[in-house]
Every structure is written in C-alpha cells, then in structure tokens.
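We did not get these values from a lab; they are worked out from the coordinates using the rules stated. Computed from a prediction, not measured in an experiment: that's the story for all the values here. Cβ: placed from backbone, ideal geometry, glycine included. Neighbour counts: every protein chain shown.
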C-alpha cells in the first residue's frame, strides 16, 4: 500500500519570500513522485516529477523538490514567491496498489496564499 | 502536441436527472484514461480508469458509470443523479507505465440541486 501526507493544508507567504510545501510518503516500492498545481476551477498541471534519477528535481516556474529517501519526504520549494503562485498544490505518489499498475495516490492538497 | 478536451465546464442538474460528461484526447494513441472527482478539502478521488477501448475499471461503488466507445473518448454517466454527486470532475490521460504523469482537462463543475 502507498500513501502521501501533505503536512500543511494552508501555507501563507509574502511575495518575494521563500516557499516550502511539505510532503511525506510511504510506499512498498521505489516510488515515483510528482507535484501538481491547480488554479481555481482549473485542471491540475504537472510541476515536476521524480523517477529515481537525480534526487533534486527542477520543475516549471522556478519550483524544485528534493527526494529524501531516509526521511520519506519530497518537499516542494521556491526561493521567491510570486503572486501568480497562489494556488493549490498536490503531492502524488505512484506505485503498485492492489495489483493494478495504473493508480496514483494524491495528497489532500496545500493551499498556497501569497500576500503582497 | 497532445490536447484534452472536457465539457461542459459547468453543469447544474436536478436530483434524479441523467448525466453525461465527455472527454476526448487528441494527438496520442491508446492513452490510459481516468475520471477523478474532487471535493473541497478531500483531494482527488479516482472514480474510473481505462487502459483500452471497452476496458473500464471502477474504483469505488457509486451512482456513476463510465464508458470508452472510442480510443480517445471517455464518458462519465449517471442514470439518476444524487445530491452527493455534486463536485468537480476531472478527466485525465497518460501513456505507458505507472511512472508517466497525468495530463488533466479543465474539469466540470457539477451542481446537483
């Protein structure tokens, strides 16, 4: 079985300050991990993915995430928040679940608010 | 390039009425197709997925059904809507294996009144 926990349901930062969105996972297999972003009333857009290559993954819009196996974490960071980063962010883990090869497990999401 | 179309964007339906949401993918062959439902504060729930024409897997027992009449077409249906069917429905596609990321449509906001 696999699971993913986003440790904060809501994060608020000021524009220009760093962003940290935390994600912990559990998986019986070597997982693939993803971060998605969702703006209001829109679908989800892939920010970045980890698939057992480099542990520091760079994504779009200046985001990056570091896979730490010892801590079972995959936190999302950005050095300087922009107003347009305000959205909901989802951490996702993939792996076998009940014999199916096509299932991903989504976290419950972290709402990022950026204050001017 | 690949694109995904999902419609309608919003829908208001009375309890007991039927439902049909459609999703089509362009620019790829034999995609895996998915229907998710998103409720506020509860993340995404996988409803159905399909790895080929006529192959549908259901994740949770519910009032909904899915069909895949063509390779790149995925339809979500209900014969009689319930209030609890309200939510934001997302179609997505991927190709290949489990490590492949999902590509989402813009969603349908369904309100059952």
Taking segment B:78-103 as the search range and keeping residues that are in a strand (DSSP E or B) and under 27 Å from residue A:51 (Cα atoms), which one is farthest from the other protein chains (Cβ to nearest Cβ)? B:93
Out of all the residues in segment A:49-59, which are closer than 21 Å to residue B:104 by Cα and in a loop (DSSP other than H, G, I, E, B)? A:51, A:59
If we ask which residues in segment A:1-48 are free of Cβ contacts under 8 Å to residues at least 40 places away in the same chain, crowded, with 18+ Cβ neighbours inside 10 Å and not in a loop (DSSP other than H, G, I, E, B), their number turns out to be 1
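Of all strands (runs of 3 or more DSSP E) completely enclosed by segment B:1-77, which ones contain at least 1 residues that are closer than 18 Å to residue A:38 by Cβ?
Numbers: elements: B:3-7, B:10-13, B:19-26, B:32-38, B:44-52, B:55-58, B:65-70.
Fully inside segment B:1-77 and qualifying: B:3-7, B:10-13, B:19-26, B:32-38, B:44-52.
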Hey, could you check segment B:104-113 for residues that are within 10 Å of another protein chain (Cβ to nearest Cβ) and either surrounded by fewer than 21 Cβ atoms within 10 Å (Cβ to Cβ) or in contact with a helix residue (DSSP H, G or I) (Cβ under 6 Å, 6 or more places away or on another chain) (or both) and say which is nearest to residue B:38 (Cα to Cα)? B:109
